[in-house]
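Worksheet: the structure to be examined is printed underneath.
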Amino acid sequence: MTLPPRTDRDVLTARPLDVRRGVNPHAPGSAHLRLGRTEILATVSVEDKPAPHMRGKKEGWLTAEYAMLPRATTDRQARERNLQNGRRHEIQRLLGRAFRATVDLRHFRGQTLYVDCDVLVADGGTRVASVLAGYAALHDFADRLIQSGKLSEWPLLHAVGAASVGLIGDEVRVDLDYAEDRVARADLNVVATDAGLLIEAQGGAEEGPISSTEYVRLLTVGVEAVGILLRELHRQL
């Protein structure tokens, strides 16, 4: 099945992005992000206790959690905390690697940072939107530490973002919504820095093998899309 051409945006253009930071008065860092109709709430928390495997080390640790609210989708889903959900664990590992690549954890020795990403509304791209929302919450967290005088050095090493990219027929499209994701011949979730450095690419072919040329094209377009999304995100922070 091939979807008709896009009418709302170019195939290489992401959906509109809107971000607001500092939305949770209880969290030291937070952000609410919309990417099209997908909507994420991200918060940062700090525990003054090292992760067990980091005791005695010269840096702290960061872990990420991801969850989808029961009515984030068209039909109610059971709360994910009650399920052995492989998809959720896979996304949490992706988020953790992305955020640990951007935070200089030497500033948080003896502490554990938690980045919680909750999907309020899902319309495709929840994991890439969670990377963007989590980074925005970390940016809010870092800015508050600097403004309060608790840190004198900016603790984020990179800006990190993500974008989905897929093959609809033979056409490369950026930032797939749910309808496009369902019929993509191949799709990738690309995590990269604002300098165009790759952190992770997750995904692959859905309806049979694709060529290495097609894969490289998806990866290249994905990294470029991340840069564009991060520039828009920083414009709003």
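Assorted remarks:
- Measure of compaction for segment 25-101 (Cα Rg per 2.2 N^0.38 Å): 1.31
- With all protein chains in place and a 1.4 Å probe, the accessible surface of segment 25-67 carries 50 percent carbon and sulfur.
- Seen from Gly29, the other residues with C-beta closer than 9 Å to its C-beta sum to a net charge of 0, counting Lys and Arg as +1 and Asp and Glu as -1.
- Beyond 22 Å, the tail of the calculated P(r) for the chain holds 52 percent of the Cα pairs.
- Our compactness index for segment 149-188, the C-alpha radius of gyration over the empirical 2.2 N^0.38 Å, is 1.95.
- Beyond 17 Å, the tail of the calculated P(r) for segment 186-234 holds 34 percent of the Cα pairs.
- Hydrodynamic radius by Kirkwood, which averages 1/r over all alpha carbon pairs of segment 51-185, in angstrom: 16.6 Å
- Dividing the summed helix terms, -39500 (n - 2.57) for each DSSP H run of n ≥ 4, by the number of residues in the chain produces a 222 nm estimate of -10000 deg cm²/dmol to the nearest 500.
- Averaged over its residues, segment 1-78 has an accessible area of 60 Å² per residue, based on protein heavy atoms and a 1.4 Å probe.
- Screening the chain for whole DSSP H helices of 20 Å or more along their axis (Cα) with average Kyte-Doolittle hydropathy at least -1.0 returns 126-148, 212-236.
- Under the criterion of Cα pairs below 8 Å and six or more residues apart, the relative contact order for the chain equals 23 percent.
The values are calculated or read from the model by the stated rules, or taken from the named source; none is laboratory data. Computed from a prediction, not measured in an experiment: that's the story for all the values here. Every residue, glycine as well, gets a Cβ built from its backbone with ideal geometry; the counts of neighbours run over all protein chains shown. SASA here: full protein model, heavy atoms, side chains in, ligands and nucleic acids out. Shrake-Rupley method; radii C 1.70, N 1.55, O 1.52, S 1.80 Å.
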